[in-house]
Amino acid sequence: MVNTGTMKHFLRMLIQVCLYFYCKFLWRCLKFVMRKLTGRCELQRICYNTKPGASRTMKIETSLRDSKSKLLQTSVSVHPDAIEKTIDDIMELKKINPDINPQLGISLQACLLQIVGYRNLIAEVEKLRREPYDSDNPQHEEMLLKLWKFLKPNTPLESRISKQWCEIGFQGDDPKTDFRGMGLLGLYNLQYFAERDAAAAQQVLSDSLHPKCSKFNKADWEKKRMDKAIGYSFAIVGINITDLAYNLLVTGALKTHFYNIAPEAPTLSHFQQTFCYLMHEFHKFWIEEDPMDIMEFNRVREKFRKRIVKQLQNPDMALCPHFAASEGLINM
């Protein structure tokens, strides 16, 4: 005899499947009607009626991915060098005359550069995350030593294995063990922040060690009990924020940001600039939250993550258009 709970679950799943196919059929019918009424395909309507940036690119991406045409489905994952030919093929498939609609090809190309670039950026970031720190690799060692030099320019490192590493927030006398979670990606991001925005990085480091002397939100700090200010380990938090940035990237949450600030394909530099922004903002958030002890880190981090995710749900959002490390970015 069939269990009642199992039957209810089966019926619920059946209804969801039927609803999915019904909505898909209804959507295709609506697209057909709209094309007959306007004389334009969905891609044309999006490009002509939606402003450039995340709003347009994300609609184009959804339209291509959900299309019944294999050409359109695969267009979101073509090689960057094949984008122009792909645009020509799409125009031919949709029977659109490029001479009459020259702007459409330009708009589609801009969108595809961003879409394909985002996928390639995930692959590049993932490769760095999977590469472990190797103390026998001269390049890895050079990057680590540069990180010290950028953060502590007036303090020589006495030796490669040293308790001094704790001064910039590592857990022991050899930082290589702290990079296990994020691999080289954590080191790349920390060095980028320390080199490209040295003043901010050194200030955040100083505040993390001496939170009572923080120069951020000075008026607010005067209202707090300064003797209970809690610091944190700069490098460890940097690796943790790298993990946050990585997850925002792979889940697609950063699409709104990158599609709004990168006129073409988002690059590793865009990702690192975003990391700098997140480090800067998390530091201010930590101070505002004024945790009782370091054990509250996970709570504060999760609250910060939710705030960033909520901001990124706005299609017009650009996290750091005016941040110091992002001066080379162009808003669309």
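Against the conditions (1) touching a residue at least 12 places away in the same chain (Cβ under 8 Å); (2) charged (D, E, K, R); (3) under 18 Å from Gly252 (Cα atoms), where does Arg65 fall short? Just the number, please.
(1)
I'd like to verify a number: residues in region 201-215 that are open to solvent by less than 40 Å² (accessible area, probe 1.4 Å) and modelled with pLDDT under 85, how many?
2
Go through region 249-284 residue by residue and tally those that are open to solvent by 10 Å² or more (accessible area, probe 1.4 Å) and assigned to a helix (DSSP H, G or I).
Of the residues in that region, 12 qualify.
For (1) more than 19 Å from the chain's Cα centre (by Cα); (2) aromatic (Phe, Trp, Tyr); (3) part of a helix (DSSP H, G or I); (4) under 20 Å from Leu249 (Cβ atoms), each residue gets a yes or a no:
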residue	(1), (2), (3), (4)
Ile100	yes, no, no, no
Leu104	yes, no, yes, no
Gln109	yes, no, yes, no
Gly117	no, no, yes, yes
Tyr133	yes, yes, no, no
Gln139	yes, no, yes, no
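Please enumerate the residues belonging to region 89-119 that are within 17 Å of Thr57 (Cα to Cα) and aliphatic (A, V, I, L, M).
Ile90, Leu104, Ile106, Leu108, Ala110, Leu112, Leu113, Ile115, Val116
Exactly one of these conditions fails for Lys163: (1) open to solvent by less than 10 Å² (accessible area, probe 1.4 Å); (2) without any contact (Cβ under 8 Å) to a residue 40 or more places away in the chain. Give me its number.
Answer for Lys163: the failing condition is (1).
Listed here are the residues, each with its yes/no results for (1) surrounded by 13 or more Cβ atoms within 10 Å (Cβ to Cβ); (2) in a loop (DSSP other than H, G, I, E, B).
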residue: Thr62; (1), (2): yes, no
residue: Lys68; (1), (2): no, yes
residue: Lys85; (1), (2): no, no
residue: Glu92; (1), (2): no, no
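Can you tell me how many residues in region 128-167 are closer than 22 Å to Val204 by Cβ and among the charged types (D, E, K, R)?
The number of residues fulfilling the criteria is 5.
Would you mind stating whether Ala198 is at pLDDT 95 or above, among the hydrophobic types (A, V, I, L, M, F, W, C) and open to solvent by 20 Å² or more (accessible area, probe 1.4 Å)?
The answer is no for Ala198.
How many of the residues in region 141-154 are among the basic types (Lys, Arg), open to solvent by less than 100 Å² (accessible area, probe 1.4 Å) and part of a helix (DSSP H, G or I)?
1
Do we have any residue at all in region 315-323 that's among the hydrophobic types (A, V, I, L, M, F, W, C), more than 19 Å from Asn247 (Cβ to Cβ), at pLDDT below 90 and open to solvent by 50 Å² or more (accessible area, probe 1.4 Å)?
no
Which one of these is on the phi < 0 side of the Ramachandran plot and touching an Asp or Glu at 6+ places or on another chain (Cβ under 9 Å): Lys255, Lys306?
Lys255
Please state which of the following conditions Gly172 fails to meet, knowing it meets all the rest: (1) closer than 15 Å to Met279 by Cβ; (2) part of a loop (DSSP other than H, G, I, E, B).
Going through (1) closer than 15 Å to Met279 by Cβ; (2) part of a loop (DSSP other than H, G, I, E, B) one by one, Gly172 breaks only (1).
The values are calculated or read from the model by the stated rules, or taken from the named source; none is laboratory data. Only a predicted model underlies this, so the values are computations on that prediction, with no experimental measurement involved. Because the Cβ atoms are built from the backbone with ideal geometry, glycine has one as well, and the counts that use them run over all protein chains shown. Just the protein is used for accessible areas: all its heavy atoms, side chains included, with ligands, DNA and RNA removed. Shrake-Rupley method; radii C 1.70, N 1.55, O 1.52, S 1.80 Å.
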